[in-house]
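Enquirer: Handing you this structure, nothing more for now.
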């Protein structure tokens, strides 16, 4: 299922502010990032990455770039129109990961991650 499909969704974060939200496909094939907390900073041009949460996709894959920010003064969340990193109409080859399991990083004796 492609990200542009209206029935798909992936938890994502913004590269600059680290704000998180859910990227959903739209009926016209575009992408929209929803449920971004109102207080988080969202800027046009920011890169949208997969968060790795949910175990569906690995962390850090580029989803696209913020093209427009939609914010209302009294709303709990804001939304962003995302320009996909890939033109899904021209995709010819897709790699399917069937057994993705996130690696658990071990902590050192001081509690730091290597």
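Enquirer: Report the residue, chosen from 90, 24, 59, that carries the largest GNM mean-square fluctuation when the chain is represented by alpha-carbon nodes joined by springs under 10 Å.
Expert: For the chain, modelled as a Gaussian network with Cα springs under 10 Å, the answer is 90.
Enquirer: While we're here: Take every Cα pair under 8 Å in the chain that's 6+ residues apart, average their separations, divide by the length, and report that relative contact order as a whole percent.
Expert: Reported relative contact order: 20 percent.
Enquirer: Still on this structure, I have one more. Only residues of the range 1-24 count here: report those whose backbone N is under 20 Å from the spot 7 Å along Cα→Cβ of residue 40, or say none.
Expert: Correct set: 3-4, 8-24.
Enquirer: Over the chain, with a Gaussian network built from C-alpha contacts below 10 Å, which listed residue (23, 63, 94) shows the highest mean-square fluctuation?
Expert: It is 94.
No lab work stands behind these numbers, since they all come straight from the coordinates. Fair warning: this is a prediction, and the values are worked out from it, not measured in the lab. Counting neighbours? That spans all protein chains shown, and the Cβs are built from the backbone with ideal geometry, glycine included.
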